[in-house]
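Each remark here refers to the structure printed beneath this line.
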Amino acid sequence: MQVYHKLKDFTKEYHRMAVALGMFDGVHIGHQSIIRRAVELARGDGGTSAVFTFSNHPLSVLSPQNMPPQLGTAELKAQLIGELGVDVLVSIPFTREFAQRTPEEFLALLRADFAPRYVVTGPNYTFGQKGRGTQRQLLRDGPAYGFQTEICPAVLRSGRIVSSTRIRALIANGDLAAANDFLGHPFRLVERVIHGDRRGRTLGFPTANLPILPGVAMLPNGAYAVRVAYRGRWYGGMASIGSNPTFEGCNRRVEVHIEDFDADIYDQELIVDFLAKLREEQKFGSVEQLVRQLTKDRARAAQIWRPQLPRA
């Protein structure tokens with residue numbers, strides 16, 4: 001997948017484009033239906049599938065005080081979109097200048113830079129200044145700008161629409177199973193390893209430490225079964241989210257123990273998929289009690305991650 005962070009005339013390189021439009025925070029099952037439809041239309045037409053989105057949420061510019069926590073970083077979003085078979089991702093910064101474009105100016109931009117044959121969105125997509133452009137306008141005016149519009153229906157779970165807002169609430173409440181179901185993939189963290197206190201190594205459970213970024217949704221504190229990818233290879237493991245209350249002076253972070261792994265990975269990127277919660281965060285009375293619990297956690301985590309490791 002080719003990734004671009006600036007607009008340009010893509011028509012010189014790509015033809016017969018099918019473009020999915022949306023914010024796609026979390027790339028959940030509703031988003032996936034939109035993106036997969038664009039991929040399907042492009043392949044059926046011998047053309048190019050594209051996603052046009054923003055690298056930052058519009059509210060971060062227009063109303064920062066109302067900005068919701070994001071379901072991952074822009075890098076994670078690009079990774080998940082790429083896994084859906086998209087040819088081209090255009091992820092540009094949302095700015096106040098861009099926000100002033102009228103719906104008609106936005107449609108003219110699509111025609112000039114993408115010349116799409118198809119535009120695919122979800123039922124709640126809006127565009128242009130103050131969100132005045134609607135799906136009705138896309139359906140009505142699309143042919144005048146050279147494209148057909150498809151509005152994908154909302155995806156439901158238990159009779160309710162799957163949305164990024166609902167998933168944020170599930171994550172905040174620690175309902176990982178439901179969040180993963182709505183996401184259509186495990187809740188994922190993609191970050192670079194930071195320095196820790198190396199205490200885990202002395203306990204027989206070495207860990208890689210990952211930061212918890214402000215403004216990004218995170219599960220509640222506790223121990224979790226995870227699978228971890230490093231340089232394209234997947235491993236099983238367990239992760240702790242919290243401040244390690246058994247020892248004083250620790251900031252909230254994610255500590256990941258990777259099974260059958262022994263390498264110096266400081267400042268290297270890890271992918272961590274959260275599969276299930278093992279227990280709440282606990283403060284232990286002694287190091288020996290902590291080690292006994294970690295041994296139990298390891299055995300239980302292995303029962304969860306073993307059947308969920310991707311095959312080589």
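Laboratory data are not the source of any read-out in this text; all were calculated from the coordinates shown. The structure displayed is predicted, hence computed values, not measured ones. For neighbour counting, all protein chains shown are included, and Cβ atoms are generated from backbone atoms with ideal geometry for every residue, glycine included.
The alpha-carbon of Lys277 sits under 12 angstrom from the alpha-carbons of these aspartates and glutamates, leaving out residues fewer than 8 places away in its chain: Asp175, Asp297. Each residue of the range 44-59 was assigned a 3J(HN,Hα) from its phi angle through the Karplus expression (A = 6.51, B = -1.76, C = 1.60, θ = phi - 60°), giving x, 9, x, x, 10, 8, 9, 10, 10, 8, 10, 7, 10, 5, x, 5 Hz with x at Gly and Pro. Would you mind giving the average projected area, over all directions, of the Cα convex hull of the chain in nm² with one decimal? Mean orientational projected area (the chain, Cα hull): 17.6 nm². Calculated FRET efficiency, Ser63 to Gln268, Cβ-Cβ distance, R0 = 35 Å: about 0.45 to the nearest 0.05. Using the empirical formula 2.2 N^0.38 Å as the baseline, the Cα radius of gyration of the range 187-308 reaches a ratio of 0.97. Short-range pairs are left out: with C-alpha atoms under 8 Å and at least six residues apart, the relative contact order of the chain is 16 percent.
Working from Cα pairs under 8 Å separated by at least six residues, relative contact order for the range 187-308 is 33 percent. Computed over the range 1-144, the percent of Cα pairs more than 26 Å apart is 18.
On the beta carbon distance between Arg252 and Gln308, with R0 = 30 Å, the FRET formula returns roughly 0.70. Between Ala178 and Gln100, full extension at 0.36 nm per residue minus the direct alpha carbon distance yields a gain of 24.3 nm. Setting aside same-chain residues fewer than 8 positions from Lys8, which lysines have a Cα under 29 Å from its Cα? Those lysines meeting the cut-off are Lys77, Lys130.
Rounded to the nearest 0.05, what FRET efficiency do Glu75 and Glu288 give with R0 = 35 Å and r taken as the Cβ-Cβ distance? Could you check? The formula returns an efficiency of 0.30 here.
From helices alone, the chain scores -8500 deg cm²/dmol at 222 nm; the rule is -39500 (n - 2.57) for each run of n ≥ 4 DSSP H residues, then divide by the residue total.
Sorting 256-263, 156-163, 206-213 by their mean Cβ neighbour count within 10 Å, with the most densely packed peptide first, gives 206-213, 256-263, 156-163.
Segment Leu7..Thr126, full-extension length gain: 40.9 nm, with 0.36 nm per residue of separation and the alpha-carbon distance subtracted. In this simple spin-label approximation, Asn221 and Thr134 carry label points 7 Å from Cα along the Cα→Cβ vector, and these lie 4.7 nm apart. Exposure proxy shown here: for Tyr266, Tyr224, the number of other Cβ atoms within 10 Å sets the order, fewest to most, as Tyr266, Tyr224.
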